[in-house]
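Student: Take a look at the following structure, please.
Readers should treat all values here as calculations from the given coordinates under stated rules, not as data from a laboratory. Bear in mind that the values here come from a model prediction, so they are computed numbers and not experimental data. FYI the Cβ positions are ideal-geometry reconstructions off the backbone, even for glycines, and counts take in every protein chain you see.
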């Protein structure tokens, strides 16, 4: 698998330093699960953290701290058995309660379905399922949006995005990604702009305001 | 032996640790004073305790002496790091203990061809800090299902540890303003847009090394 579209290096650094909202952490973790190039960037950013930790001014632990910790040590965890690879990368599983078949889709019009994932409120994450030939809804958004392809593909302004590819868009860009022929395109999309509907709106209104 | 040859490595590492414990140098009363102890023993830069070997002892033998050595070296640093990140002393203490407990539980996931012990501990501490301060989980990338190898090539381990030391040296040589910015990012004081201003991180060498290690792991799997 060749991944051509990656997050910006600053975003990977912000992931390594722990400065991203939960939804952005989620999409970067999902992309890195599929992309060894970005995994190497993140792990080398981790190494800077290791160096800072090694050289941090130490502060004495309380008396008895070591004894208390040692007394509580248990048998170490057995390594987890290798997971059968599925469609959703492992970081997404706790958010949907399993792989793709556990996703609770809700229709949002034009045959598009979505599932909003439970992350902290600073940013939002949702899975989208788009039939071939249909535009990914409402990409003329504010704020920053990252879109990661998990199944199928979409095309945008001549660029092709397939599994593992991550599109970066900010509020300046108006673009209209369209799902490519073949299997439904499944994406994870995160944004730090408020979603245009809230959960309390009646479903009929949601349908007209889109996503 | 895994890293630089030190006089203590003529003993087994566990024996060396136990010996030092018996001298009281690794006792609890010395926690926080290890810098002094290290200087007295000549354990400063270039003659470091072999933390990778300590991790192997914890992983393969649940060696409590090795655990104590790791605790006494790293827990006060984690605590200092967290206090500098804005945690209060009680939370930093609790978090440092949690991090070392996680080290014990997950020792089998440490891959010395991709991270130094300090780096691996940093990632645990960072995640624990997010848990505690923000009360939210931090999604982690999927583990490589086939790694780490139980017996990695020692040349790869040494090369990665050497790259980590070189990275520290390169960071130390950065202009003060740039290093301050980097420290602020890692101590949690920078927003994502401010982080975009950080340029010139000396990551090239270690990034290539980790990339090769990932390739090797994937290749070994096929």
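Student: Obtain the nm distance between the two label points defined at residue B:90 and residue A:73 by a simple spin-label model: each point lies 7 Å from its Cα along the Cα-to-C-beta direction.
Tutor: Label at residue B:90, label at residue A:73, 2.8 nm between them.
Student: Any idea what log10 I(q)/I(0) is at q = 0.09, 0.10, 0.15, 0.18 Å⁻¹ for the range A:1-148, Debye with uniform C-alpha scatterers and no solvent?
Tutor: Reported log10 I(q)/I(0), two decimals: -0.43, -0.53, -1.00, -1.26.
Student: Shifting gears a bit: Roughly what percent of Cα-Cα pairs across the range B:77-222 reach past 21 Å?
Tutor: Of the Cα pairs, 53 percent sit more than 21 Å apart.
Student: Okay, next question. Return A:186, A:27, B:158 ranked ascending by Cβ neighbour count within 10 Å, so the fewest neighbours appear first.
Tutor: Fewest-to-most Cβ neighbours within 10 Å comes out as B:158, A:186, A:27.
Student: Now for a different question. Let me know the mean shielding of B:174-183 by other chains, meaning the per-residue number of their Cβ atoms within 10 Å of its Cβ.
Tutor: 1
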